[in-house]
Every structure is written in C-alpha cells, then in structure tokens.
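First up is the structure itself, then whatever we jot down about it.
The values are calculated or read from the model by the stated rules, or taken from the named source; none is laboratory data. Because the structure is a prediction, the values reported are computed rather than measured. So basically every Cβ, Gly included, is an ideal-geometry build from the backbone, and we count neighbours across all protein chains shown. SASA here: full protein model, heavy atoms, side chains in, ligands and nucleic acids out. Shrake-Rupley method; radii C 1.70, N 1.55, O 1.52, S 1.80 Å.
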Amino acid sequence: MTRLTLYFREYCSLCHAMRAALAPYVERGAVELTVIEVDDDPALVDKYDELVPVLCGPDGREVCHWHFDQAKLAACLAEFG
C-alpha cells in the first residue's frame, strides 16, 4: 500500500474532486490517504496557498496539483507500490 498525502481546503471544489477521484484507490487498498487541511497551519498556507489540492507521494514529492492526474498517480504507485 502506498501512502499519499492530500493537501486540502474544505471550501475548495477542486480539493473535493481530487479526494473523490482518489476514493476508489483507497477503497481497493492501493493507497492510504492522509488529508491535511492547509488552513490549519500557516506554513502550509505559505507553501501551498494557490496550488491546492496538492497530492504528494510517500517521499513528499508532488504527484499532481489542481487536477487529478491518473497517469502521474500510476507512475507513483509503480515506483512505491
């Protein structure tokens, strides 16, 4: 199982869309997803402010931002899965 982190804002429709796109991967056990609310940490606001949602792999590297990218996620899962 590959651990992913989604940097998220509750009011962000793109964030909700990316979390929904990741749900099938979570349900079938391909990924473990941690969702972090950016607005809870000023340092994360500084880092990710206008980029959310940002999906990061287990090594902290960005997989994709703004829109879910299935090909980039597949590459990440191949590398770490």
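At a glance:
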quantity	calculated
Value at 222 nm in deg cm²/dmol, rounded to 500, when DSSP H runs of n ≥ 4 in the chain each add -39,500 (n - 2.57)	-12500 deg cm²/dmol
Exposed-site-free run, longest, the chain (rule: GluC sites (Glu not before Pro); DSSP loop; at most 15 other C-beta within 10 Å)	11-49
Cβ-defined net charge surrounding Thr2, 10 Å radius [Lys, Arg +1; Asp, Glu -1]	-1
Where the Cα pairs of the chain fall when distances are cut into 5 Å bins, in %	3, 17, 29, 27, 15, 8, 1
Of all accessible heavy-atom area on the chain, the percent that carbon and sulfur account for (1.4 Å)	53 percent
Neighbourhood charge, 15 Å Cβ-Cβ cut-off, centred on Leu51 and excluding it, Lys, Arg +1 and Asp, Glu -1	-4
Fraction of antiparallel bridges per DSSP, the chain only, in percent to nearest 5	45 percent
Within the chain, longest stretch clear of exposed trypsin sites (Lys or Arg not before Pro) (DSSP loop, no more than 14 other Cβ within 10 Å)	29-60
Surface accessible to a 1.4 Å probe, per residue, for the residues of the chain, Å²	58 Å²
Those Cys residues of the chain for which no other cysteine Cβ falls under 4.7 Å	Cys56, Cys64, Cys76
